[in-house]
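A.B. asks: One structure follows; several queries about it will come next.
The values are calculated or read from the model by the stated rules, or taken from the named source; none is laboratory data. All figures in this text were calculated on a predicted structure; none of them were measured in a lab. Note that we place each Cβ from the backbone using ideal geometry, even for glycine, and neighbour counts take in every protein chain shown. In case anyone asks, the SASA skips ligands and DNA or RNA and just uses the protein heavy atoms, side chains included. Shrake-Rupley method; radii C 1.70, N 1.55, O 1.52, S 1.80 Å.
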Amino acid sequence: MTNLWRSIRVTLVMAVLLGLVYPLFILLIGNLAFPFQAAGSMIKFQGHVVGSELIAQQVNTSGLFHPRPSAVQYAGNGSGGSNLGPTNPALIQEIRNNERALNVLPGTKLSSIPTDMVESSASGLDPDISIADAMLQVPRIAQTTGLSQSVLGSLVRRYETGRFLGIWGEPMVNVMTLNVAIKELMKK
Amino acid sequence: MTLAGTIGILATIVIILLLSIPMGKYLYHVFSGDSTRMDHVFHPVENGLYRLMGINASSQMDWKAYIKSMLLVNLVMLLFAYLIFRLQGSLPLNPDGIKSMPWDLAFNTAVSFITNTNWQNYAGEQSLSYLSQMLGITFLQFTSAATGFVAAIAFLRALVNNKSRWIGNFWVDFIKIHTRVLLPLATILAIVFVGLGLPETLAGAAKVHTLSGLLQTISRGPVASLEAIKQLGTNGGGFFNANSAHPFEDPSALTSVLEIIAMALIPTALITTFGMFIKNRRQALILYVFLTGVLLVGTFVIYSSEASGNPMVSHALGIYGPNMEGKEMRFGPALSSLFTGATTAFTTGAVNTMHDSLTPLGGLIPMLFMMFNVIFGGKGVGLLNILMYLIIAVFLSGLMVGRTPEIFGKKIEAREIKLATLALLVHPFIILVPTAIALITKAGTSPILNPGLHGISEVLYAFTSAAANNGSAFAGLNGNTIFYNLMLGVVMLIGRYVSIIAMFAMAGSLAQKSIIPESVGTLRTDTWSFGGVFLAVVVIVGALTFFPALSVGPIAEYFHMWIG
């Protein structure tokens with residue numbers, strides 16, 4: 001009985017310490033030091049919050065960059081991948097559908113399409129695209145917006161993030177950053 | 001495969017090994033009873049906690065008293081978390097209006113987190129309130145890691161005891177691992193994580209009008225504080241459904257590398273701690289070399305398989321490149337592969353890539369690592385498994401060369417071998433039998449997502465993950481059914497506690513044996529050839545037991561994919 005009573009006391013004290021005091025301490029320090037990140041890296045455009053820099057959102061106009069395909073329709077409150085296995089016929093069908101939905105100009109060579117552009121991300125909310133993906137979208141965006149291809153191309157180059165320290169990750173570009181930049185250019 | 005990717009993988013492993021040595025030394029000093037420089041900081045805090053909890057810090061325990069306290073407090077914490085999950089709908093800190101969990105899911109989740117498994121039959125952002133994420137999940141992520149860790153420490157004490165039954169005080173060890181290791185490390189890591197983009201907020205989901213004028217609801221919450229202990233404690237249960245693939249849990253290549261290092265740190269450090277306890281650095285070195293070797297070989301098999309892509313996609317659609325289905329751009333194939341290898345070697349279970357969509361060989365390696373359950377392994381229990389395999393290897397080689405088996409100066413007798421065999425056999429038993437049951441029942445097969453051979457892999461993976469207390473999944477399988485909630489729950493409990501109890505019973509008898517001085521007749525365990533025997537035992541026992549099951553899952557799928 002002493003042991004049971006002690007176990008209950010240990011559980012309650014540790015629960016308060018580890019389950020309340022610890023996270024609330026991180027909350028306090030995190031919000032004092034990094035308020036932007038702590039709130040979810042929310043991005044404002046023309047005074048309104050338009051999304052998070054880290055969370056992909058559905059884009060339904062051809063004048064903006066499209067993120068990678070999402071198995072969950074970019075549900076910010078329901079992340080997930082397709083979980084389709086490599087030999088599942090449904091996987092081929094899904095990739096074929098993603099390819100058809102690709103908004104690239106006619107005449108684009110199939111073999112130039114990178115796999116990351118037509119295969120669904122793990123989270124369904126992947127905020128980044130590869131440089132090859134971005135460059136394939138440039139002609140379409142130029143046609144829709146009237147911005148020149150060279151302006152859009154240099155936008156991609158400017159916001160490209162390389163591998164961390166040259167060895168970790170992949171060269172890529174954040175879609176939210178690009179799209180806010182396009183919106184800014186269109187305003188002028 | 002790219003040069004940068006390869007160097008990135010190797011560099012991460014080197015950093016882990018370099019950090020593990022000072023960390024292992026620190027752990028040794030904290031738990032061997034040495035006084036340390038930081039005592040004047042920690043003592044007042046710990047004494048305060050002992051008083052609050054009614055703990056007599058100076059008393060000593062034998063193996064039975066130690067494990068009784070451990071099991072009892074685990075049971076109380078399990079019930080506590082179960083209640084939180086069942087009642088979360090009516091408790092505070094629930095801005096998104098999450099409902100209380102049904103009984104079977106709450107049972108599965110509470111068991112999953114107390115056993116350090118972190119198997120998730122729910123989607124975090126839709127099924128858990130902030131209070132549950134903090135007071136249920138984050139809390140158990142600390143204490144389950146601490147439980148495994150102190151079990152290993154107590155076993156090490158028994159191993160070096162000379163005819164003494166005392167193996168320490170469970171409560172003191174349990175508090176100390178929190179105050180001196182887990183809490184300080186988690187606090188630092190969590191603050192760094194916020195700086196690198198992980199949210200830490202009690203505000204509910206953000207509702208925004210997107211750039212295209214659509215509505216999007218973005219879930220967030222106290223993520224960074226959970227993420228730090230999720231990785232450090234080899235837990236793996238994510239805040240969100242997509243786990244470390246979710247950009248809020250793992251926003252960049254840098255955070256992914258930090259997460260890999262965090263989950264590897266203490267399991268690798270324990271090898272150094274082990275070497276210091278038995279006063280034999282060479283033994284630690286040999287284990288480091290063989291275990292790191294297996295980890296690297298496995299990781300590069302995953303990497304090359306993922307990087308060479310899916311031939312069926314190329315054939316059908318004319319698209320060439322690495323397999324990016326279920327992967328995130330910021331990690332690419334290299335960091336996804338390393339994370340997959342590490343999370344199953346260190347039995348964490350966090351994922352930054354969807355394992356169900358891995359190529360057959362890419363999915364085979366994580367299964368194999370969990371079947372071995374010994375490639376460094378999870379917090380504490382990994383070292384216990386290593387010791388169990390060492391004892392089996394000593395016994396087998398003793399038989400081969402005709403010497404009395406002994407390990408670190410202690411005679412291995414019938415009782416120890418029986419217990420080691422029990423701990424060894426329970427693992428395949430609770431994987432293969434439930435898999436077979438699931439595959440012949442409708443309740444077991446109807447939640448499978450992928451057809452054919454891959455569907456078998458989904459079920460095999462689930463029970464392997466539960467038995468190894470890993471928690472990663474071939475997530476196409478819909479585990480949130482009464483059948484899987486209960487079956488997986490029971491497998492997790494057996495997988496966790498039967499081997500710990502068996503190893504403790506062994507510790508009890510080892511502790512009371514006298515240490516025999518080394519002689520020419522001693523079979524040395526700190527040699528390269530013995531390391532080879534150890535590895536052979538792991539591979540033969542581990543791989544051969546599971547070979548038939550693997551051959552109808554990932555191995556057959558591999559041939560199907562390449563031959564068509």
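A.B. asks: If you build the Cα gyration tensor of segment A:91-179 and take the root of 5 times each eigenvalue, what three semi-axes come out, in whole angstrom, biggest first?
C.D. replies: Gyration-tensor ellipsoid for segment A:91-179: 21, 20, 11 Å.
A.B. asks: I would also like to ask the following. From Cα pairs below 8 angstrom and at least 6 apart in sequence, can you work out the relative contact order of segment A:31-188, rounded to a whole percent?
C.D. replies: 24
A.B. asks: Specify whether the C-alpha gyration tensor of segment B:343-489 places it in the rounded, prolate or oblate class, a ≥ b ≥ c being the square roots of the eigenvalues: rounded for a/c under 1.5, otherwise prolate if a/b is larger than b/c and oblate if not.
C.D. replies: In terms of gyration-tensor shape, prolate.
A.B. asks: Please report, to one decimal in angstroms, the Kirkwood hydrodynamic radius of segment B:318-374 built from all distinct Cα-Cα pairs.
C.D. replies: Its Kirkwood hydrodynamic radius stands at 11.6 Å.
A.B. asks: Over chain A, with a Gaussian network built from C-alpha contacts below 10 Å, which listed residue (A:Arg96, A:Arg163, A:Arg68) shows the highest mean-square fluctuation?
C.D. replies: Its mean-square fluctuation being the largest, the pick is A:Arg163.
A.B. asks: Any idea what the relative contact order of chain B is, in percent, if you count C-alpha pairs under 8 Å spaced at least 6 apart?
C.D. replies: Relative contact order, chain B: 19 percent.
A.B. asks: I would also like to ask the following. Any aspartates and glutamates with Cα under 20 Å of the A:Lys109 Cα? List them, leaving off those in the same chain fewer than 8 positions away.
C.D. replies: Candidates past the 8-residue exclusion: A:Glu94, A:Glu99, A:Glu119, A:Asp133.
A.B. asks: Next question. For segment B:1-98, what is the charge dipole size about the Cα centre, in debye to the nearest 20, if Lys and Arg each add +1 at the Cβ and Asp and Glu each add -1 at the Cβ?
C.D. replies: So the dipole magnitude of segment B:1-98 works out to roughly 160 debye.
A.B. asks: Also: Using a 1.4 angstrom probe and counting only protein chains, how large is the accessible area of A:Lys183 in Å², to 10?
C.D. replies: It works out to around 60 Å².
A.B. asks: Place a +1 charge on the Cβ of each Lys and Arg in the protein assembly as shown and a -1 charge on the Cβ of each Asp and Glu, then give the dipole magnitude about the Cα centre in debye, rounded to the nearest 20.
C.D. replies: 1460
A.B. asks: Under 16 Å from the Cα of A:Lys187, which lysines turn up, not counting those fewer than eight places away in the same chain?
C.D. replies: A:Lys44
A.B. asks: To continue, here is another question. Within 13 Å, Cβ to Cβ, of A:Gly30, how many net charges do the neighbouring residues add up to if Lys/Arg are +1 and Asp/Glu are -1?
C.D. replies: Value of the local net charge: -1.
A.B. asks: Could you work out how far helix A:175-187 tilts from the main Cα principal axis of chain A, as a 0 to 90 degree angle to the nearest 10?
C.D. replies: 50
A.B. asks: Do the sum for chain B: with -39,500 (n - 2.57) for every DSSP H run of n ≥ 4, divided by all residues, what is the mean residue ellipticity at 222 nm, to the nearest 500 deg cm²/dmol?
C.D. replies: Dividing the helical sum by the residues of chain B leaves -21000 deg cm²/dmol.
A.B. asks: In addition: Evaluate the relative contact order of segment B:326-453 (contact order divided by residue number), counting alpha-carbon pairs under 8 angstrom at least 6 apart; express in whole percent.
C.D. replies: Over segment B:326-453, the number comes to 15 percent.
A.B. asks: Taking Cα centroids, how far is segment B:386-439 from segment B:65-84 in Å?
C.D. replies: 28
A.B. asks: Tell me the total accessible area that A and B bury against each other, 1.4 angstrom probe, in square angstrom rounded to 100.
C.D. replies: What A and B bury together is about 8300 Å².
A.B. asks: Please give me the summed charge of the neighbours of A:Val173: other residues whose Cβ is under 15 Å from its Cβ, Lys and Arg +1, Asp and Glu -1.
C.D. replies: Summing Lys and Arg as +1 and Asp and Glu as -1 gives -3.
A.B. asks: Specify the angular offset, from 0 to 90 degrees and rounded to the nearest 10, of the alpha carbon long axis of helix A:22-33 from the longest principal axis of the alpha carbons in chain A.
C.D. replies: Once rounded, one gets 50 degrees.
A.B. asks: Near B:Thr117, within a Cβ-to-Cβ distance under 13 Å, what is the net charge of the other residues, with Lys and Arg +1 and Asp and Glu -1?
C.D. replies: For residues surrounding B:Thr117, the net value is +3.
A.B. asks: From the Cα gyration tensor of segment B:1-119, with a ≥ b ≥ c the square roots of its eigenvalues, which class applies: rounded if a/c is under 1.5, or else prolate if a/b is larger than b/c, or else oblate?
C.D. replies: Oblate is the answer for segment B:1-119, as a/c is 1.5 or above yet b/c matches or exceeds a/b.
A.B. asks: If you don't mind, another one. Roughly how many Å is it from the Cα centre of segment B:96-119 to that of segment A:1-40, as a whole number?
C.D. replies: Distance between centres, Cα-based: 19 Å.
A.B. asks: For the pairs B:Lys64/B:Lys163; B:Lys64/B:Lys411; B:Lys25/B:Lys410; B:Lys163/B:Lys410, note any where the Cα-Cα span goes beyond 18 Å.
C.D. replies: Flagged as over cut-off: B:Lys64/B:Lys411; B:Lys25/B:Lys410.
A.B. asks: Answer rounded, prolate or oblate for chain B, using the Cα gyration tensor with square roots of eigenvalues a ≥ b ≥ c: rounded when a/c is under 1.5, else prolate when a/b is larger than b/c, else oblate.
C.D. replies: oblate
A.B. asks: On a 0 to 90 degree scale, rounded to 10, what angle separates helix A:89-101 from the longest Cα axis of chain A?
C.D. replies: The two axes meet at around 60 degrees.
A.B. asks: Under a crude label model (7 Å from the Cα following the beta-carbon direction), how far is B:Leu202 from B:Met1 in nanometres?
C.D. replies: Output for this residue pair reads 5.0 nm.
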